[in-house]
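Okay, so here's the structure we're looking at.
The values are calculated or read from the model by the stated rules, or taken from the named source; none is laboratory data. This one's a predicted model, so the numbers in the text were calculated from it and none came from an experiment. Don't worry about glycine lacking a Cβ; one is built from the backbone with ideal geometry, like all the others, and counts go over all protein chains shown.
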Amino acid sequence: MRLLITLWVLLGCAGVLHGDKQPLSRIAVERATAAVVGSATVKAHPTVLGLKGESSDWVIVEFSHQNPSNDDWIGVFSPSDFSSEICQPENYGDLPPLLCTAPIKFQFANFKNDGYNKSGNGSLRLQLINQRADFTFALFSGGLSAPKLVAVSNKVTFENPKAPVYPRLAQGKSWNEMTVTWTSGYNIKEAVPFVEWGPKGGDRTLSPAGTLTFKRNSMCGSPARTVGWRDPGYIHTSFMKELWPDALYTYRLGHRLSDGTHVWSKSYSFRASPYPGQDSLQRVVVFGDMGKAEVDGSNEYGNYEQASLNTTKQIIRDLENIDMVIHIGDISYANGYLSQWDQFTEQIEPIASTVPYMIGSGNHERDWPGTGSFYGYNDSGGECGVPAQTMFYVPAENRAKFWYLTDYGMFRFCVANTEEDWRPGTEQYKFIENCLSSVDREKQPWLIFLAHRVLGYSSASWYEIMMGSYGEPMGRDGLEELWHKYKVLQASEGGGRTAMRLLFVAVTWLAVCAAAHPGRGGGGEQPLSRIAVEKTVHAVDGAAHVKASPLVLGLKGETSEWVDVEFFHPNPTGDDWIGVFSPADFSSAICEPENERQYPPVLCTAPIKYQYANFKNDGYNKTGNGHLKLQLINQREDFSFALFSGGLTKPKLIAVSNKIAFANPKAPVYPRLAQGKSWNEMTVTWTSGYDITEAVPFVEWGEKGGRRLLSPAGTLTFDRNSMCGAPARTVGWRHPGYIHTSYLKDLWPDSQYTYRLGHRLINGTRIWSKSYSFKASPYPGQDSVQRVVIFGDMGKAEADGSNEFNNFQPGSLNTTREIIRDLDNIDMVLHIGDICYANGYLSQWDQFTAQIEPIASTVPYMIGSGNHERDWPGTGSFYGNLDSGGECGVPAQTVFYTPAENRAKFWYATDYGMFRFCVAHTEEDWRPGTEQYKFIEHCLSSVDRQKQPWLVFLAHRVLGYSSCAYYAGEGTTEEPMGREALQELWQKHKVDLAMYGHVHNYERTCPVYQGQCVAAASDRYAGAFAATTHVVVGGAGASVSDSEFTATEIQWSHVRDLDHGFVKLTAFNHSAMLFEYKKSRDGEVHDRFTIERDYRDVLSCAVDNCPRTTLAS
């Protein structure tokens, strides 16, 4: 991955640092007097602006004064009527002043008029922007401190003063949502605001807009409430959703008047955000304290924010190479003169209308005494945050608080609000910690903290001299530990005018090591690991040969096909073997030596599968002739077959076959359905060989026989450097392809849907998968038959007998077959860890997804994480063993979708009809005080037992009860520290079932609490909840040879079976559930029981006294 960020970080001082005032504040408005001179004139033209729809235009102002002086000036007023009639006296006494509103801009009469002081004649060329009202130009003498009104011009106006103007894009609360905010003069009674938008050249969509405004009374003080007040117009925000990643969209702003007429803005365009974690070039500009300036030289801005126009100009110049802008506070420096907000939004329009323009809050937006701001200064000029939070959208939970997070591709930005308390114990501190801790660093490796004031480090002299520090007082006291703990890449602050680059790098890696379980959850070594790849030598024999046919596979769109491999070896032995390599070119040219002095080996990649040459070739040892029938699946590359002698430990390369390939190796394959984060959302994830520069991925779907919809897909992948060690990073590495996920939303409960996977190539051609179907989830609490299959540790196997998997996961194909056989009677599958046992040989993930495709393409296939997905020393896993083979969780969390808040952490809740499943992650710490413990407690306590009466806890390792001989040998019946605290939660929240994998057998307990049966084990439970029944169901495929039971008789252990099998739960209604344990060999039921109760039994309340249905309440 590449980090590219244009970083303009402004560090320094805020608040009282700025010695110069808002230019408009220099005008003593309340002291203005009338001194009209009949012979003086002011004339402006043209009188009508924006005839071609422009939102800004130039005006010529000509004026004459018989008694000119150096301090004469021209004020631009809007609305044009600025007489005392519009004054709202507060403490003026009986008579309001002559003038009670500041001009929107001003310029001295002698500006570029060298002879004005003698002739009294002058001309100014001023730029006006559409600000919803007409304009007049007034000539004053007496300077700014004692203004005397001499003459007033004619009025000028824009052709449509109310037109929609100055769109500001911003990221929404989800990665595929863009918001657009704009300003107009139309209230909602006059016109309906909306946005017309769609893919460039594609269909148009109309999205409504919400409308906000604010009144003078919303301001906290002067000048915002007095001379600086100007009506802000109406602020509209629309949400453009379900965007396709990286796609180009066009849009225009619209208002439908009450007579049906439409008023339109000009057209704009933007590029949608990349998918979270997408490995592509992403460029973000960050700065603070820009303010605004006047291109016509008004307001003496040359001494106020002189660099503002330069910064704007340079960003516009480079806009094609910028994806997002973040402006961290001190936005426009309006300081209570509200007209300046319009002028700022107009200045940034070329930027903000094209890329997301995200803002943070600074002292000049928020601070005002007595309003709750952390600092009691007057810096906001009485605005107290209202204009900023209204004029700009930010994806904050509470826009007034102005702290939020936003993800963009590989970036996570945590935006703090330094004008609210950030110290430990505050609401904002909790937000900051959650923002930093919840990021998935596999997807967002670049973690950046942003704030206005310097909470970190600055060498600005003001801090050193006045504060005796190098940052804001109390700034980094609590935050520095968070930045270090969560390895924040960059902490950036605004708040001053000193340009400096601050790079905050935390490089400390924390390793949590626990006692490894030798042999536990293993089931034998990965068969591919038996091949000593690095010891391979050349022993090519010209007389030997290998031939594979057919040359082209999948001519009818198949994703798997059988291949005939014929071979001959003139000197055969019993340990000759055939390796299947993909890509077909496996020479040393593809090797990546660890250091420059190391010579690459002959072979540096393991085959994707292998078989002994004498397999089903009884005469091979004598004749040297052999034939194998092998099954290949589409894995995005071509294939070759190599004959080796010397066995697996000393392989000698004898001969290599011709190459064969699928007709379209890049085709979309192996869809995996999963429940989304809401009950009526289904996700579909699949694999292809198309990256986002080649083709746009999507899903075509809809109700069976109904209208078709297209939903975009995000794309993820990972590279060799994402792996934590060997073999995943070395001989086991194989490119995973591109993993696409699409979200099918707003499904109708229990409805049948069909779908197919698609890719639109850059030439317009579409590549399709075959069609699939699924049934949408029932409504939460729906009283219908619902059936869920649960198991752990299945792994994969080869239908052609390759890889000697009969001793590794012998039950895998049987379990898969029996589930497919009963698929019409299954609604969901939960596979709780030890998924495919790739153990660092990445080719096996494709083979696993191909094996389960008939299941996962039809019903949601939800997974949990186990030791063989996650564990690796020094990577933060709770156990420090090598079980993942260097994968450290990356393939699992990429190849499969789970509705987790952070997919890397792998804990989540999912509801299906009357079931609530709380899926824990035993490879992360679950003990009290941890983030996962809080999740578990919340998941169990928040379920509504009237809707989801059946509460099930799932985890990979046995956190409950097991009488496996291994645990007994350790003097325990669980993982160390497993149920110490969790059993209190299970009992308190009346968990019906707790189920585990890891141990490769089946075992059911009585309802047990603290090691004692609370109720006798039975095949039928009825009435009030007694205790949780614990079930080990880790025998779905991996070898059971290492999971024998202890010979000791244990009181709570009711049923044991050392065989392969899985569990099926059937909820008939809210009062009856059936539990069945089925053998994988034949699908027959070996153990069963029923639970009969209703939610009142769970909540232990009277029939007429159950108003609250969650235990938390």
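Can you confirm whether segment 770-777 contains a residue that is assigned to a loop (DSSP other than H, G, I, E, B) and touching a residue at least 60 places away in the same chain (Cβ under 8 Å)? Yes - at least one qualifying residue is present in segment 770-777. Taken across segment 305-316, residues that are part of a strand (DSSP E or B), surrounded by fewer than 23 Cβ atoms within 10 Å (Cβ to Cβ) and not acidic (Asp, Glu) do not occur at all.
Figure legend. Inter-residue proximity from segment 245-262: first residues at positive phi, second residues among the basic types (Lys, Arg), beta-carbon distance below 7 Å, spacing 6+ or different chains. Indicated pairs: 246/271.
When residues in segment 679-689 are screened for being within 10 Å of residue 739 (Cα to Cα) and surrounded by 22 or more Cβ atoms within 10 Å (Cβ to Cβ), 4 of them pass. For segment 357-376, taking the residues that are surrounded by fewer than 23 Cβ atoms within 10 Å (Cβ to Cβ) and not small (Gly, Ala, Ser), the one that is nearest to the chain's Cα centre (by Cα) is identified as 374.
Does residue 176 fit the bill of being surrounded by fewer than 18 Cβ atoms within 10 Å (Cβ to Cβ), in contact (Cβ under 8 Å) with a residue 40 or more places away in the chain and part of a loop (DSSP other than H, G, I, E, B)? Judged against the criteria, residue 176 is not a match.
Scanning segment 643-670 for residues that are buried (at least 19 other Cβ atoms within 10 Å of the Cβ), over 43 Å from the mean Cα position of the chain (by Cα) and not in a loop (DSSP other than H, G, I, E, B) yields a total of 7. Checking each residue in segment 134-148 for being part of a loop (DSSP other than H, G, I, E, B) and of a type in the set (A, V, I, L, M, F, W, C) picks out 144, 146.
I'd like to know if segment 833-849 contains one or more residues that are outside any loop (DSSP other than H, G, I, E, B), farther than 17 Å from residue 632 by Cβ and touching a Gly at 6+ places or on another chain (Cβ under 8 Å). No.
For (1) surrounded by fewer than 24 Cβ atoms within 10 Å (Cβ to Cβ); (2) of a type in the set (Lys, Arg); (3) over 20 Å from residue 1037 (Cβ atoms), each residue gets a yes or a no:
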site	(1), (2), (3)
943	no, no, yes
957	no, yes, no
963	yes, no, yes
988	yes, yes, yes
997	no, no, no
1005	no, no, yes
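Just checking, does segment 788-796 include any residue being closer than 20 Å to residue 750 by Cα, among the small types (Gly, Ala, Ser), modelled with pLDDT of 90 or more and not in a strand (DSSP E or B)? There is no residue in segment 788-796 that is closer than 20 Å to residue 750 by Cα, among the small types (Gly, Ala, Ser), modelled with pLDDT of 90 or more and not in a strand (DSSP E or B). The set of residues in segment 190-215 that are over 16 Å from residue 132 (Cβ atoms) and basic (Lys, Arg) comprises 200, 204. Here the condition is being free of Cβ contacts under 8 Å to residues at least 12 places away in the same chain and not hydrophobic (A, V, I, L, M, F, W, C); of 922, 910, 930, it holds for 930 alone.
Selection of segment 193-221 for residues being over 23 Å from residue 270 (Cβ atoms) and aliphatic (A, V, I, L, M) yields only 219. Figure legend. Inter-residue proximity from segment 179-196: first residues closer than 12 Å to residue 213 by Cα, second residues among the aromatic types (Phe, Trp, Tyr) and buried (at least 20 other Cβ atoms within 10 Å of the Cβ), beta-carbon distance below 8 Å, spacing 6+ or different chains. Indicated pairs: 182/166; 183/166; 183/234; 184/234; 185/234; 186/234; 187/234; 188/234. Residue-level check: of (1) touching an Asp or Glu at 6+ places or on another chain (Cβ under 8 Å); (2) modelled with pLDDT of 70 or more; (3) surrounded by 14 or more Cβ atoms within 10 Å (Cβ to Cβ), residue 48 misses just (3). Scanning segment 900-953 for residues that are part of a strand (DSSP E or B) and either more than 20 Å from residue 682 (Cβ to Cβ) or small (Gly, Ala, Ser) (or both) yields 909, 918, 950, 951, 952, 953.
For residue 697, the stated conditions do not hold, so it cannot be described as touching a helix residue (DSSP H, G or I) at 6+ places or on another chain (Cβ under 9 Å) and in contact (Cβ under 8 Å) with a residue 40 or more places away in the chain.
Each residue in segment 64-98 was checked for being modelled with pLDDT of 70 or more and β-branched (Val, Ile, Thr), and 2 pass. For segment 545-567, the set of residues classified as crowded, with 19+ Cβ neighbours inside 10 Å and closer than 22 Å to residue 644 by Cα consists of 546, 548, 563, 565, 567, listed by residue number.
Condition first: modelled with pLDDT under 95 and hydroxyl-bearing (Ser, Thr, Tyr). Can you find one or more residues in segment 890-906 that meet it? Scanning segment 890-906 turns up no residue that is modelled with pLDDT under 95 and hydroxyl-bearing (Ser, Thr, Tyr).
Here the helices (runs of 4 or more DSSP H) wholly within segment 319-398 that include at least 3 residues being of a type in the set (A, V, I, L, M) are 386-391. Of all residues in segment 975-1015, those satisfying the criterion of being among the small types (Gly, Ala, Ser) and touching a His at 6+ places or on another chain (Cβ under 9 Å) are 994, 997.
Summed over segment 852-886, the residues that are surrounded by fewer than 24 Cβ atoms within 10 Å (Cβ to Cβ) and of a type in the set (S, T, N, Q) give a count of 4.
When residues in segment 932-955 are screened for being over 20 Å from residue 1066 (Cα atoms) and touching a helix residue (DSSP H, G or I) at 6+ places or on another chain (Cβ under 7 Å), 3 of them pass. Among the residues making up segment 186-211, a single one is exposed (fewer than 15 other Cβ atoms within 10 Å of the Cβ), part of a strand (DSSP E or B) and of a type in the set (A, V, I, L, M, F, W, C): 206. Each residue in segment 218-271 was checked for being modelled with pLDDT of 95 or more, touching a strand residue (DSSP E or B) at 6+ places or on another chain (Cβ under 6 Å) and not in a strand (DSSP E or B), and 1 pass. Checking the structure you have, find out if any residue of segment 277-285 is of a type in the set (Asp, Glu) and surrounded by fewer than 17 Cβ atoms within 10 Å (Cβ to Cβ). Looking through segment 277-285, none of the residues is of a type in the set (Asp, Glu) and surrounded by fewer than 17 Cβ atoms within 10 Å (Cβ to Cβ).
Scanning segment 1033-1076 for residues that are under 18 Å from residue 836 (Cα atoms), in contact with a strand residue (DSSP E or B) (Cβ under 6 Å, 6 or more places away or on another chain) and part of a loop (DSSP other than H, G, I, E, B) yields a count of 2.
Criterion first (assigned to a strand (DSSP E or B) and not hydroxyl-bearing (Ser, Thr, Tyr)) does residue 819 satisfy it? So residue 819 does not fit the description; no.
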